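Notes to accompany the following structure.
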Amino acid sequence: MGPALAPRLCPLNYQWVLLVLIEMAPAGSLSEADGTAAENPFPNGIRNHQDVIIGRISAANFNLSGQSGTLGYFCIRKRKFINRREIYVLSNSHVLADLRKAKPDETELILQPSPGEPGNNRPIAALVNFSPLKFTGHTNEPNHIDATIGRLWESHPYQTLIPLIGAVQGLRRKENIEIGEPVRKFGRTTGFTQGSVFSIYLDILIRYERTGRWRR
């Protein structure tokens with residue numbers, strides 16, 4: 001948990017499992033493009049140009065010069081009066097949006113790979129919407145969502161899969177997750193990693209590089 005979190009805000013147990021509160025150091029939100037590969041124990045992160053867009057590869061807002069992020073996955077939007085099926089890319093607000101702006105701007109482009117990568121990048125999508133993050137107010141008012149969507153351009157082929165893992169088959173609700181359950185992921189910086197569920201209640205401080213501010 002973050003240093004600003006009051007212990008009374010945490011539940012004492014989860015599904016009759018006693019929770020142990022551990023204070024964590026503040027975390028950052030984006031990776032510098034150079035200098036990470038040498039420290040990476042899993043050098044399989046995909047940081048170069050990809051002809052076919054897949055999940056968990058390097059991508060970010062075109063304003064994030066010198067920084068890199070990970071494209072999360074794909075989604076579609078439910079609309080009542082539009083039958084056209086459009087594909088959207090999904091990731092964090094601090095990756096696909098410029099948090100210095102208060103509202104989404106569809107003239108902002110999403111590049112693959114990220115603008116901070118040494119390889120050639122090109123736009124693959126346009127920013128559509130993002131969850132704004134609160135950087136003002138009392139410290140006990142955390143941000144619960146850090147998410148963005150962008151419209152994937154039809155000219156870019158895509159596959160709904162994650163490297164070394166495959167396609168997402170569904171979702172697990174928090175109340176159905178067990179402590180110690182095996183998990184795995186793939187990211188731009190870490191490549192393929194696997195482990196087990198350590199906590200289902202996490203409250204940390206993160207520094208958002210584009211704003212220079214810390215927030216829960």
Which order do the peptides 110-119, 183-192, 150-159 take when ranked by the mean count of other beta-carbon atoms within 10 Å per residue, highest first?
110-119, 183-192, 150-159
Give the lysines whose C-alpha is closer than 20 Å to that of K134, dropping any in the same chain fewer than 8 places away, or say none.
K101, K103
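We did not get these values from a lab; they are worked out from the coordinates using the rules stated. In this text the structure is predicted, and so the values were computed from the model without any measurement. Virtual Cβ from ideal backbone geometry, glycine too; neighbours counted across all protein chains shown.
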